[in-house]
Every structure is written in structure tokens, then in C-alpha cells.
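Visitor: This structure is in C-alpha cells; I'll ask about it shortly.
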Amino acid sequence: MSRLSRAILIVASLAAAAVVVPATDSVAGVSRHGPTSFLTVAGAAGEPITQGKVWTFDDTDGLLQFSGNEGRLTWRLSTRYGDGNTDYEVELAAPVGGQLTTGTYTNVARAGFNGTHAGLSVSGQGRACNTLTGSVLIRSITTNQFGGVTELDASFTQYCDGSKVPLNGSLQYHAPVRHAVTLTSSHPVTVLGQPTTLTAQVHRGSSVFFYDGTKRIGRAKADSFGLARLTTATLKAGTHQLTARRGKHSSVRVRQRVDGSATSFWFRSVGGDGLATGATAAYTPTSSQMPISATTRKITVDVGGDASWDVVVQSPTRTALRPGTYEHTQQGPTATSAGVMMYGGGNACDTQSGSLHVSSLRANKRGVITAVALSFAVYCNGSAYPLRGTLHYTAA
């Protein structure tokens with residue numbers, strides 16, 4: 001199994017004890033005293049999935065399986081409780097062409113059939129919805145360097161098959177403790193030039209200032225759900241101590257590491273792209289086996305070891321690669337078009353098209369590249385939504 005596959009399949013042994021909690025125990029914010037993982041679902045009489053019951057599953061016994069990336073997330077719970085099998089599954093899916101990120105999603109549709117809407121599906125004890133509507137609020141979502149979600153704090157509302165009675169739910173997966181100001185980073189480990197989104201949870205309407213040590217790096221106003229966001233790709237190589245401040249309140253410091261390796265490859269995919277299904281991942285020679293062969297005719301990147309991503313960039317058949325933009329790329333080069341192909345992660349495309357931009361390139365007299373910076377977009381099997389990748393390479 002590839003490193004990315006393992007990263008997006010996280011199986012956590014967690015509590016799965018069912019206890020009734022008061023309806024006022026804020027499915028949107030159960031009070032917790034430390035990083036935790038739990039799932040709560042609640043519905044009034046007449047709600048098709050819960051049938052009027054409230055269940056909270058946390059860390060006392062049982063098994064909760066969690067898997068996914070920024071394109072699609074799934075929680076599966078299977079345990080024995082009293083009068084029979086208690087099985088629940090919760091799925092969240094990004095809109096086609098997007099990723100799951102902090103914020104609120106309205107007009108959701110059934111996950112797997114959601115199209116350009118966000119997707120949601122809560123099922124349990126053999127009961128599921130054919131159609132549904134509702135909303136999802138994501139307060140924090142964090143991934144590791146290889147694309148797997150490592151932290152999540154979300155709540156949701158689902159109306160099943162036209163029912164007017166809602167199912168409300170809340171889930172946390174290794175989520176941070178909530179304070180007056182709670183700060184998270186979407187990608188705590190990046191490479192140079194790769195963006196990360198900082199999200200501060202505060203009172204709605206508040207102005208929030210973001211700091212790198214003592215240096216202010218941005219300001220944002222919290223939305224109606226108390227989320228203030230700042231996306232940045234300008235942090236320098238090294239380890240940063242980030243905070244968010246609202247008035248006299250400051251968040252716990254969040255460690256952000258930017259890998260300054262001269263050679264790196266990272267990509268961002270979206271739901272519906274057909275290749276990496278919404279993941280963002282970054283690789284360097286220190287994090288992965290990553291042999292690169294580079295000439296002005298052909299560049300190959302093989303993210304080896306436990307991972308399995310391959311990128312092949314080729315010049316048009318009659319010319320060498322040089323700085324500039326190449327439109328209308330194909331899987332293989334032609335006399336007038338460059339070739340760009342990416343495959344791996346258990347997925348491959350019958351056809352790929354896209355574009356290539358070579359920012360800079362240095363080569364010796366034999367055509368061997370000593371340094372190159374390029375970016376590309378590939379559309380798999382005619383998809384309208386691209387995977388975008390960036391490569392920086394300097395020969396050792």
C-alpha cells in the first residue's frame with residue numbers, strides 16, 4: 001500500500017459506548033477537556049435514522065474506523081450495545097472541483113451523488129437515506145504531509161428523504177481543545193511555496209490578527225460561525241510558531257514547518273479529478289525516496305518507497321524544454337505539444353490533457369538539467385477539474 005494510501009486510511013481504536021445525552025448538550029459543541037475523538041448523533045421522534053434516540057460514541061471501548069482526505073471522509077462504527085448491533089456511518093464529501101475546508105456548507109446532498117454541492121450521509125442500524133438535504137460546519141481540518149486527515153472538528157444537520165425532522169450530529173477526530181481563540185493549520189508541514197490555511201475559532205464578527213512569532217502576517221474577520229481564515233504561501237523555510245489573537249486573548253501556539261529542500265514536489269487535487277480524489281501531498285528527498293531524471297527532452301519523477309506517484313514531463317518532439325508556457329499538453333509529446341503525465345495512488349487515466357509552465361531551467365551542454373522549476377495541470381479522462389502539481393529540482 002502506498003504511503004498516501006496509508007496516510008488516508010487511519011484506523012483509530014476509540015470509545016464506542018452509547019449514552020443518552022440531553023438535547024441541549026450542544027451537538028455543535030460538547031464540552032471536552034483535551035484532544036479527543038467522538039461522534040454524537042441525535043434526532044427527535046420521527047427522524048428516520050435515529051428514530052428519536054441520541055447516541056454518543058467516545059473513547060471507552062469499541063472500534064471507530066476513520067479514513068479519508070480533503071476530498072472525502074468516512075467514519076464507520078460497529079459495536080455491540082445492549083439490544084443488538086449498533087452500526088453507524090458518517091460520510092462527508094467535497095463538492096466536485098473543491099476540497100473540504102473550514103467553513104459552512106449549505107444545501108448539501110447525499111455523499112457520492114452530491115455533484116457541485118458538498119456531500120453528507122449519516123446512516124445507522126440498517127437505515128439510510130435515498131435523498132437528503134442539510135448542512136455541514138467544519139471548524140477545523142488538518143492533514144499530514146502525505147494527504148491524510150489527522151484532525152477534524154465538524155457538526156452537521158441532515159433531513160432524510162423529505163423528512164421535516166432533523167438529525168443533528170457532531171464529530172471530532174483528535175481535535176484541539178477549544179479556547180477563547182483556537183488556531184489550526186490545514187497543512188502544518190509544507191514545502192516552500194505551498195499554501196496553508198490558518199483558521200481561528202472565535203466569537204462571530206471578531207477581528208483576528210495572525211502572527212508568526214512577533215511578526216503580524218495577516219488579519220481576518222470572523223464569519224457568522226466564528227471562523228476567521230488566512231491562507232498564506234509566503235512563510236520562509238524553517239519552523240514557525242504561529243498564533244492568532246483577538247483583543248487580549250491569544251491562541252495556543254501552532255507549529256508550522258516549511259521544508260526548504262532545493263528539490264520538492266507537491267500537488268493539490270480536488271473532488272472529481274480522477275487521480276488523487278481531493279488530497280494534497282508534498283514530497284522531498286528527505287521525506288521519501290524520490291529519484292529524478294532530468295534532461296531538456298524528458299523529466300521523470302518517481303516518488304518511490306512506500307509511496308507511488310510518477311510524473312513524466314516531455315518536450316515537444318522537435319524542440320528542447322525551455323522556460324515558458326506550453327498549452328494543450330497531452331500524455332505524450334507531439335511536434336507542437338509538450339507531454340505531461342501523472343499516475344499513481346492506485347489510479348491512472350486513459351487520457352490526460354492540460355498545461356505546463358516552466359518558470360526557470362538550467363542545463364549543461366549535454367542537455368542534462370541542473371536546476372528547474374515548473375508547474376502543471378492535468379485533466380484526467382476529460383474531467384473538468386484538474387490536479388495541479390509543482391516541481392523544484394536542483395541536481396546534487
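The values are calculated or read from the model by the stated rules, or taken from the named source; none is laboratory data. Given the structure is predicted, the values throughout are model-derived calculations rather than measurements. Positions of Cβ are generated from backbone atoms using ideal geometry, with glycine treated the same way; all protein chains shown enter the neighbour counts.
Visitor: Considering only residues that are free of Cβ contacts under 8 Å to residues at least 60 places away in the same chain and of a type in the set (Gly, Ala, Ser), look in the range 187-223 and name the one that is nearest to THR104 (Cα to Cα).
Guide: ALA222
Visitor: Here's a follow-up. Tell me, which strands (runs of 3 or more DSSP E) lie completely within the range 87-184 with 3 or more residues that are under 13 Å from the mean Cα position of the chain (by Cα)?
Guide: Where strands (runs of 3 or more DSSP E) fall fully within the range 87-184 and carry at least 3 residues being under 13 Å from the mean Cα position of the chain (by Cα), they are 132-143, 149-160.
Visitor: Name the one entry in TYR326, TYR343 that is assigned to a strand (DSSP E or B) and without any contact (Cβ under 8 Å) to a residue 60 or more places away in the chain.
Guide: Details: TYR343 fails: without any contact (Cβ under 8 Å) to a residue 60 or more places away in the chain.
The conditions single out TYR326.
Visitor: Still on this structure, I have one more. Pull up the range 75-100, narrow it to residues that are buried (at least 16 other Cβ atoms within 10 Å of the Cβ) and among the hydroxyl-bearing types (Ser, Thr, Tyr), then point me to the one that is modelled with the highest pLDDT.
Guide: TYR88
Visitor: Conditions first: (1) among the hydrophobic types (A, V, I, L, M, F, W, C); (2) touching a Pro at 6+ places or on another chain (Cβ under 8 Å); (3) buried (at least 23 other Cβ atoms within 10 Å of the Cβ). LEU171 passes all but one, so which condition is the exception?
Guide: Only one criterion is unmet by LEU171, namely (2).
Every residue, every condition in (1) touching a Pro at 6+ places or on another chain (Cβ under 7 Å); (2) modelled with pLDDT under 95; (3) assigned by TED's automatic domain parsing to the domain that holds VAL270; (4) surrounded by fewer than 24 Cβ atoms within 10 Å (Cβ to Cβ), yes or no:
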{"site": "SER135", "(1), (2), (3), (4)": "no, no, no, yes"}
{"site": "ARG139", "(1), (2), (3), (4)": "no, no, no, no"}
{"site": "THR143", "(1), (2), (3), (4)": "no, no, no, no"}
{"site": "PHE146", "(1), (2), (3), (4)": "no, yes, no, no"}
{"site": "THR150", "(1), (2), (3), (4)": "no, yes, no, yes"}
{"site": "PHE156", "(1), (2), (3), (4)": "no, no, no, no"}
{"site": "LEU167", "(1), (2), (3), (4)": "no, no, no, no"}
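Visitor: When you look at GLY98, is it farther than 20 Å from ASP223 by Cβ and assigned by TED's automatic domain parsing to the domain that holds TRP55, yes or no? Let's see the steps before the verdict.
Guide: On the way: farther than 20 Å from ASP223 by Cβ: no; assigned by TED's automatic domain parsing to the domain that holds TRP55: yes.
Judged against the criteria, GLY98 is not a match.
Visitor: Counting only residues that are out of contact with any His (no Cβ under 7 Å at 6 or more places or on another chain) and surrounded by fewer than 19 Cβ atoms within 10 Å (Cβ to Cβ), which one in the range 178-187 is modelled with the lowest pLDDT?
Guide: If we take residues in the range 178-187 being out of contact with any His (no Cβ under 7 Å at 6 or more places or on another chain) and surrounded by fewer than 19 Cβ atoms within 10 Å (Cβ to Cβ), then ARG178 is modelled with the lowest pLDDT.
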